[in-house]
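Written out below as structure tokens is the structure these notes cover.
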Amino acid sequence: MEWKNIWRGMAMGTSDLIPGVSGGTIAVILGIYDQLIEAISGVFSRYWKKYIGFLIPLAIGMGTAIIVLSRIIEYLLLEYYAPTQFFFIGLILGIIPLLFMEFKSRASIHPIHVIAMTLAMLLVASMAFLNPVDSSIITDMTFGTVLLLFLSGWLGSMAMLLPGISGSFVLLLIGVYPTVISAISNFNLLIIGIVGAGVAVGFIVSSKVIRYLLANFPGMTFSVIIGLVIGSLAVVFPGVPASGLIWVLSIVAFITGVIVVRLLSRYSA
């Protein structure tokens, strides 16, 4: 068992609680993105024993962070929204040079890569102009709501694996984010189970696709990943702080985010 993956999972789980920040981005910072995709794809094969020791501690860390830190993150977003978002902007800007270094180690940059990077960036940035569905917490379990929750888990998990796209933000756009957060906070096992089934299916399908692309088209795949990460800045940006104190806190949070990336990258796998 790779027990150091517990704290890695906690870092990923914490980021997945934030609409606009991807656990995949944290996995890249930690240097385990390729290994994560390979493990999720391989755990559902006959070679599952090879990967289970990597994934179990990671899942423990993610689950712990989501359960323990959900209320803290909710408080920070409510009371210190701008500084919290600027912290993640610092994380994102800090990872971009690392992504370009990874790109250069895998392929040479061609014009088609720049085009793919730009299109991916514009795709994610456009999400900043989408209005999340204003939805109340789902309480009635009909066929339609069960299907909605399952598909939401599927789409959210696919987004979680892609650096730059937030699974939480996808849930916000669909309108089920309040329902999912409420279910986690109140241990509603029925809703957790439905969304969790969708998450599992999404992980299986998307991990196999991403693994294939990384193996066969590394340059194009990393071009898209870099574009997704850069575009996510538009989604995370909270606007110009309104007061002097918030300005100071936001600057400190931003610098802290950049420093955290540097520290995490030193301990990458």
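Which shape class, rounded, prolate or oblate, goes with the chain when its Cα gyration tensor gives a ≥ b ≥ c as root eigenvalues, a/c under 1.5 marks rounded, and past that a/b bigger than b/c marks prolate? Mind showing how you got there, number by number?
Values: a/c = 1.37, a/b = 1.04, b/c = 1.32.
Verdict is rounded for the chain.
Assigning unit charges at the beta carbon (Lys, Arg +1; Asp, Glu -1) and nothing else, what dipole magnitude in debye, to the nearest 20, does the chain show about its Cα centre?
With Lys and Arg at +1 and Asp and Glu at -1, about 820 debye.
With all protein chains present, calculate the accessible area of Trp3 using a 1.4 Å probe and round the result to the nearest 10 Å².
140
Can you pull the accessible area of Leu173 for me, 1.4 Å probe, Å² to the nearest 10?
Per-residue accessible area (Leu173): approximately 40 Å².
Could you tell me the distance between the Cα centroids of the stretch 52-117 and the stretch 151-227, to the nearest Å?
Using only Cα atoms, the two centres lie 14 Å from each other.
If the stretch 31-112 were replaced by its equivalent ellipsoid, with semi-axes equal to the square roots of 5 times the Cα gyration tensor eigenvalues, what would those be, largest first, whole Å?
Values: eigenvalues 170, 131, 13 Å².
Three semi-axes, in Å: 29, 26, 8.
Tell me whether the stretch 110-269 comes out rounded, prolate or oblate; compute the Cα gyration tensor, take square roots of the eigenvalues as a ≥ b ≥ c, and use a/c under 1.5 as the rounded threshold. Display every interim value, and only then the final one.
Details: a/c = 1.81, a/b = 1.20, b/c = 1.51.
Taking the square roots of the gyration eigenvalues as a ≥ b ≥ c, the stretch 110-269 is oblate.
Rounded to the nearest 500, what is the chain's calculated 222 nm mean residue ellipticity when only DSSP H runs of at least 4 contribute -39500 (n - 2.57) each, over all residues? Could you put the intermediate results ahead of the total?
Details: 12 runs with 207 residues, N = 269.
Only helices count here, giving -26000 deg cm²/dmol.
Pick out which of Arg46, Arg106, Arg211 has the largest mean-square fluctuation in a Gaussian network model of the chain, springs linking Cα atoms closer than 10 Å.
Among Arg46, Arg106, Arg211, the largest mean-square fluctuation in the Gaussian network model of the chain belongs to Arg46.
So, by mean Cβ neighbours within 10 angstrom, what's the order for 187-198, 54-65 with the highest one leading?
Working: 187-198: 16.9, 54-65: 19.3.
Packing proxy ranking, top to bottom: 54-65, 187-198.
In Å², what does the accessible area per residue of the chain work out to with a 1.4 Å probe?
Values: 13170 Å² over 269 residues.
Heavy-atom accessible area per residue stands at 49 Å².
Pop the C-beta distance of Leu263 and Val146 into the FRET formula with R0 = 41 Å and round what comes out to the nearest 0.05.
Working: r = 43 Å, r/R0 = 1.04.
Efficiency at R0 = 41 Å is approximately 0.45.
If contacts are Cα pairs under 8 angstrom and at least 6 residues apart, what is the relative contact order of the stretch 130-269 in percent?
Numbers: 120 pairs, mean separation 36.1, N = 140.
Here the relative contact order equals 26 percent.
The values are calculated or read from the model by the stated rules, or taken from the named source; none is laboratory data. In this text, all values refer to a predicted model and were calculated from it rather than measured experimentally. Note that each Cβ is placed from the backbone with ideal geometry, even for glycine, and that neighbours are counted across all protein chains shown. We work out accessible area using only protein heavy atoms, side chains counted, and drop any ligands, DNA or RNA first. Shrake-Rupley method; radii C 1.70, N 1.55, O 1.52, S 1.80 Å.
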